[in-house]
Amino acid sequence: MHNKIMVALDVNNKAEALTMRDTLADSVGWLKVGLRLFVAEGPSLISDLTKTHKVFLDLKFHDIPNTVAQAIESAGSLGVQMVNVHAGGGQPMLEAASKAAKAFPDMLLIAVTVLTSDTMPKEQALKVALERAKLAKDAGLDGVVCSVHEAAQIKKVCGKDFITVTPGIRWGNQDTQDQKRIADPKMAVENGSDYLVIGRPILQADSPKNAAKEAASMMEEANI
Ligand code: C5P
């Protein structure tokens, strides 16, 4: 189950990222690098991280089809195992991204459907998320980032092999911080989440390694 955990490396710099990587060691399979860390530290950080872990490059590309396709090629050349685009970019952009990703069979291409910070009403967000998941599936992408609460419905519409990557994971008495629609690791697995993105509950724990192990053992308890 630890191979389904993606730790969001929301830290300040490369030194902190590598320290966390070493602390976690093999208690997690994946590390997620977002805009802040990538803009600050660039490709050299990625090549360090891919030596020990699978890497999800979370840059949410959203541009004209040609530019996004070129960005996907650059991401593939870095050797990351997952990259994402914003489904709001529309069908031509998603198709161009999917075509570019074919050159990297070991890299999963997923789409962000609706940002959790979007102010659209909840029912509308679910409707748009489902429409965009379908669009991503039809364009040949491997899956989406979504909330645990949408994962089961997305699987129903797009098929069980369509990957769901879910942030908003909290358990026990943890602070929910800015996450609105949370779920614990057991619930996430039971709702069909393939990968759990976990940031602060691991990064800010007294023992990040123990927190990761705790999440993995809760995932093992899932009735699936
Ligand atoms: O600290 P926490 O566990 O809330 O971190 C969740 C991670 O998932 C962060 O890196 C955040 O940017 C990312 N994310 C999210 N919601 C989305 C997409 C990405 O929380 N819809």
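Of note:
- Based on Cα contacts under 8 Å between residues 6+ apart, the chain shows a relative contact order of 19 percent.
- Charge-dipole axis of the chain as Lys and Arg at +1 and Asp and Glu at -1 on Cβ define it, positive-most pick from Thr19, Gln179, Val7: Gln179
- Whole-Å distance, taken between Cα centres, linking segment 60-87 and segment 91-120: 8 Å
- Only the Cβ atoms of Lys and Arg (+1) and of Asp and Glu (-1) were treated as charged; on that basis the dipole of segment 2-220 about its Cα centre amounts to roughly 300 debye.
- Apolar share of the accessible surface for the chain: 50 percent from carbon plus sulfur atoms, 1.4 Å probe.
- Centroid-to-centroid separation of segment 151-206 and segment 12-58 [C-alpha atoms, Å]: 20 Å
- Local charge for Met219 was computed over the other residues whose Cβ lies under 12 Å away, with Lys and Arg +1 and Asp and Glu -1, and equals -3.
- A simple packing score, the average count of other Cβ atoms within 10 Å per residue, orders the peptides 109-117, 19-27, 166-174 as 109-117, 166-174, 19-27, with the highest score first.
- As computed over segment 24-158, the Cα convex hull volume per residue (Å³): 120 Å³
- Exceedance of the 18 Å cut-off in Cα-Cα distance is limited, within the set Lys32/Lys60; Lys137/Lys160; Lys32/Lys156; Lys122/Lys180; Lys4/Lys102; Lys4/Lys32, to Lys32/Lys156; Lys4/Lys102.
- Solvent-accessible area per residue, Å², over the chain with all protein chains present [probe radius 1.4 Å]: 47 Å²
- All aspartates and glutamates inside 16 Å of Lys213 as judged from Cα atoms, apart from same-chain residues fewer than 8 positions distant: Asp22, Asp26, Asp184, Glu221
The values are calculated or read from the model by the stated rules, or taken from the named source; none is laboratory data. Predicted model, so just to flag it, every value in this text is computed and none were measured. Virtual Cβ from ideal backbone geometry, glycine too; neighbours counted across all protein chains shown. To get the accessible areas, we keep the full protein, side chains included, count just its heavy atoms, and leave off ligands, DNA and RNA. Shrake-Rupley method; radii C 1.70, N 1.55, O 1.52, S 1.80 Å.
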